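The values are calculated or read from the model by the stated rules, or taken from the named source; none is laboratory data. Since we're looking at a predicted model, the values are computed, not measured. All Cβ positions, even for glycine, are placed from backbone atoms using ideal geometry, and neighbour counts span all protein chains on display. What goes into the accessible areas is simple: the full protein's heavy atoms, side chains included, and nothing from ligands, DNA or RNA. Shrake-Rupley method; radii C 1.70, N 1.55, O 1.52, S 1.80 Å.
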Amino acid sequence: MRVYPEFIRQMGGERGANERWDIIRCAGIRGAPKTSIATNTMHVPLDNDETARHIRAHELMHVRLSPPDLKPWIKRGKASFDSLIAAEEARINRVLSKLNFKPETHLLDINDGNNAYTCAKAKDMKRLVYGTSAVYGTASWDSWLKGIDKACDELGDSSMLESIENVADSIGEILDTHSSELASDKPIPGSRNKLLNRGFAVTERIAMLLDKCAALAEETGTIPSFKKRNDEHLSADMNAKFGDLCQGPAPLTRLHNGNLGKIKLASPTGRNPRRIHRMLTDPYRRIFDRTKRNSGGVVLIDGSGSMSVRSEDILEILNAAPGATVALYAHESGSKNVPNFWVLAKDGKMVDKLPTRHGFGNGVDGPALRWAIKSKRFQNEPLLWVCDGQVTDGKTDCTYSHLTAEARVLAIKAKAIMHRHIGDAVSYLKKVAQGQAQSGPLLIGEVSCGY
């Protein structure tokens, strides 16, 4: 079986046919298959069975989507090298499943169960957390959990298994925000470094979760569960708050053709027959005027690293709802007086290109929602919030229950409609124009909990 990595597009550019790769045959066990984009070397099994086929597809997806150099990501100081490597395994497996492969059935290592048992029995929390991400979404997942369960039985403590399952649930929630597959190697809008691409920003979020779990596990001896918080941490959590909104420059230099405000339509009923000439030409005799207000809408977009935003998306929103107000927010953790909010479209005008974002965290979800509520022109104007349902504080970019509750109250008050992807928001706006849209509030993710 031959493998041709040189034909795979990498980082938005075509790899040339004259680029030579060294393909080295190896066993299909964890740790043996690997790819080095820097040296054009790939170790993969060359057998014809489904497991070998899926391993080759997995490594080719690394060539296609993974950054050739992790240094720019490590310099950001948000995640470690080991956590980024483990998190990328989970993302690549999710992409494979979206491309009609079946890693959950065929990507199997018979040693994973024993590895999980060994780590859990030795209480090697760091390897256990990172390994959970690497195995997540593969056929080894069940044996991984069984290995941990066996160790828990021998140790007389089931909390480790429950915590690992909670970590896996959190990884799955972050992967659900992955809005693209093969387009995820496109650079993050506004980033000068092409190695900072959209898809790997999802990997970074998973890596941050893994590092946090590993650090707390090594400190306390147990893997933390982020589903519930104990009373000891509650007081510290209550001190966390959203960052301050700082609007950045975004010139609305591009006009959009569309009906703004109120428009008059022909109607068969009314008081004054202003269109009497239609009596003979219109079979429905629509000789009266009917005033219709443009549905418009306020669209608030979470521009954090896990979300994907393009200039074309803003145009699609305005095509679906002329006159809509569109705003984007993205916050740099711990920053002050750094632009984290931009108005991208208003009153039929829009930006020609997206502004440069200085940060890729949430941080200002609450203040941005308050701005969106004040921007509604009339009470029933729809407010759409494009977000993964996870809000964070402005200092550490971490989630806190009281901030999530605050955002939930604001979203319910505004009757907000939440979507994970801009395409879903555009579809909803089209339904609004047709009078077929479901009324809000409609919440998703952690913001929806308890609603």
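Of the residues that sit in the stretch 261-292 and are exposed (fewer than 14 other Cβ atoms within 10 Å of the Cβ) and within 27 Å of Ile317 (Cα to Cα), which one is modelled with the lowest pLDDT?
Gly261
Among residues belonging to the stretch 174-203 that are out of contact with any Gly (no Cβ under 7 Å at 6 or more places or on another chain) and part of a helix (DSSP H, G or I), point out the one that is modelled with the lowest pLDDT.
Among those that are out of contact with any Gly (no Cβ under 7 Å at 6 or more places or on another chain) and part of a helix (DSSP H, G or I), it is Arg198.
Can you report the number of residues in the stretch 38-62 which are at pLDDT below 85 and under 24 Å from Leu175 (Cα atoms)?
0
Quick check, is Ala327 surrounded by 23 or more Cβ atoms within 10 Å (Cβ to Cβ) and outside any helix (DSSP H, G or I)?
When the stated conditions are applied, Ala327 does not pass them.
Mind counting the residues in the stretch 102-131 that are open to solvent by less than 50 Å² (accessible area, probe 1.4 Å), in contact (Cβ under 8 Å) with a residue 40 or more places away in the chain and not aliphatic (A, V, I, L, M)?
Total meeting the criteria: 5.
This table checks each residue for (1) within 26 Å of Ile24 (Cα to Cα); (2) more than 20 Å from the chain's Cα centre (by Cα).
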position: Met42; (1), (2): yes, yes
position: Met61; (1), (2): yes, no
position: Ile110; (1), (2): yes, yes
position: Cys152; (1), (2): no, yes
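Looking at (1) modelled with pLDDT under 90; (2) farther than 17 Å from Ala52 by Cα; (3) not small (Gly, Ala, Ser), which is the one condition that is false for Ile110?
Every listed condition holds for Ile110 apart from (2).
Return the residues of the stretch 347-406 that are part of a helix (DSSP H, G or I) and either within 14 Å of Ser304 (Cβ to Cβ) or among the β-branched types (Val, Ile, Thr) (or both); say none if nothing qualifies.
Asp365, Ala368, Ile373, Thr404 - these are the residues of the stretch 347-406 that are part of a helix (DSSP H, G or I) and either within 14 Å of Ser304 (Cβ to Cβ) or among the β-branched types (Val, Ile, Thr) (or both).
I'd like the full set of residues that are of a type outside the set (A, V, I, L, M) and open to solvent by less than 30 Å² (accessible area, probe 1.4 Å), limited to the stretch 41-63.
Answer for the stretch 41-63, where residues must be of a type outside the set (A, V, I, L, M) and open to solvent by less than 30 Å² (accessible area, probe 1.4 Å): Thr41, Pro45, His54, Arg56, His58, Glu59, His62.
Any residue at all in the stretch 386-395 that's under 22 Å from Leu252 (Cα atoms) and either surrounded by fewer than 19 Cβ atoms within 10 Å (Cβ to Cβ) or touching a residue at least 40 places away in the same chain (Cβ under 8 Å) (or both)?
Start the filter on the stretch 386-395 by keeping residues that are under 22 Å from Leu252 (Cα atoms), which leaves 386.
This time we only want the ones that are either surrounded by fewer than 19 Cβ atoms within 10 Å (Cβ to Cβ) or touching a residue at least 40 places away in the same chain (Cβ under 8 Å) (or both), so: 386.
The answer is yes, given that some residue of the stretch 386-395 is under 22 Å from Leu252 (Cα atoms) and either surrounded by fewer than 19 Cβ atoms within 10 Å (Cβ to Cβ) or touching a residue at least 40 places away in the same chain (Cβ under 8 Å) (or both).
Does Ala411 satisfy the criteria of being open to solvent by 30 Å² or more (accessible area, probe 1.4 Å), closer than 24 Å to Asp176 by Cβ, of a type outside the set (S, T, N, Q) and assigned to a helix (DSSP H, G or I)?
Spelling it out, it is not the case that Ala411 is open to solvent by 30 Å² or more (accessible area, probe 1.4 Å), closer than 24 Å to Asp176 by Cβ, of a type outside the set (S, T, N, Q) and assigned to a helix (DSSP H, G or I).
Going through the stretch 337-380 one residue at a time, which ones are open to solvent by less than 10 Å² (accessible area, probe 1.4 Å) and among the aliphatic types (A, V, I, L, M)?
Leu344, Ala345, Met350, Val351, Val364, Ala368, Leu369, Ala372
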